[in-house]
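Notes follow once the structure below has been shown.
The values are calculated or read from the model by the stated rules, or taken from the named source; none is laboratory data. It should be emphasised that the depicted structure is a prediction, and the values quoted were computed from it without experimental measurement. So basically every Cβ, Gly included, is an ideal-geometry build from the backbone, and we count neighbours across all protein chains shown. Only protein heavy atoms, including side chains, enter the accessible area calculation; ligands, DNA and RNA are left aside. Shrake-Rupley method; radii C 1.70, N 1.55, O 1.52, S 1.80 Å.
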Amino acid sequence: MIASDLQSGVEQLGDLIASSSIIVPFTGAGISTECGIPDFRSPGGLWTRNRPIPFDEFVASRDARDESWRRRFAMEATFAAAKPGRGHRALASLYRAGKVPAIITQNIDNLHQASGFAADHVIELHGNTTYARCIGCGQAYDLAWVTKRFEADGGAPDCTECDEPIKTATISFGQAMPEQEMARATELAQHCDLFIAIGSSLVVWPAAGFPMMARNCGAKLVIINREPTDQDDIADLVIRHDIGETLGPFVGN
Ligand SMILES: [Zn+2]
């Protein structure tokens, strides 16, 4: 059912949280917009103006790699300045209280880790843009190192170990979903009693399959998103309000 107003939504969410012992949050871009991170997929967002570079193009073309890194450097001020918002902090409170074993996210901004989640308890379905990895051997690189090499060489650096290209540690279009993360997210969705989808339009598959999977395995399902989603009609509670305002009352609980 759809909460009639913010206050009744918050009250019903509070009741569901109180009566649940294993809560799995699933987050999308909407939780980070109040932190200054734009939703790349939104109308007028970066991806409607700049076509995303698919993985095979990144691998095949040095120009594509240079362009990809130039775009990433252009976003660095935004990512570096972002701090966890009320939504992140509320979920971190539930994590500290022992109610949330781990969190599943479509976001690449590292803000759940910054809010207090152990890195091992953040299941990143689309990777992380705050560091880089070699696409051959998996060696991790700091962005500062990549930036320095890019400036020195005038282009995207290759791995010092194996000479393969270095890419942000994100999952690009056309790149396989990370197997271990998908398996862990499946396990979490199947074994929780409350699943809360937050700030995701639930249109990007296979990630969007987890709320339904949790519901089918017996969990209660809450969807918090400003806009309607395709899965609202299977949810036990739908809150169509600002995420910071909805989750703000749960910070520090
Ligand atoms: Zn390598």
**Study point:** Qualifying residue in region 130-148 (condition: within 15 Å of the chain's Cα centre (by Cα) and surrounded by 18 or more Cβ atoms within 10 Å (Cβ to Cβ))
**Key:** yes
**Study point:** Hits in region 159-190 (condition: over 25 Å from F79 (Cα atoms), open to solvent by 50 Å² or more (accessible area, probe 1.4 Å) and away from the ligand (no atom under 16 Å from the Cβ))
**Key:** E179, Q180, A183, R184, E187, Q190
Exercise for review: All but one of (1) small (G, A, S); (2) within 16 Å of the ligand (Cβ to nearest atom); (3) in contact with a strand residue (DSSP E or B) (Cβ under 6 Å, 6 or more places away or on another chain) hold for A156, so report the exception by its number.
Suggested key: (3)
Review point. For A156, which of the numbered conditions (1) within 24 Å of the chain's Cα centre (by Cα); (2) open to solvent by less than 40 Å² (accessible area, probe 1.4 Å); (3) within 17 Å of F73 (Cα to Cα) fails to hold?
Key: (1)
Review point. Residues A208, A197, A235: which one is over 15 Å from the mean Cα position of the chain (by Cα) and crowded, with 17+ Cβ neighbours inside 10 Å?
Key: A235
**Study point:** Subset of region 111-129 (residues that are open to solvent by 20 Å² or more (accessible area, probe 1.4 Å) and either in contact (Cβ under 8 Å) with a residue 24 or more places away in the chain or β-branched (V, I, T) (or both))
**Key:** A114, G116, H121, E124, H126
Study note, to complete from the structure: Quick count over region 124-153, residues being among the small types (G, A, S), in a strand (DSSP E or B) and away from the ligand (no atom under 13 Å from the Cβ), is 1
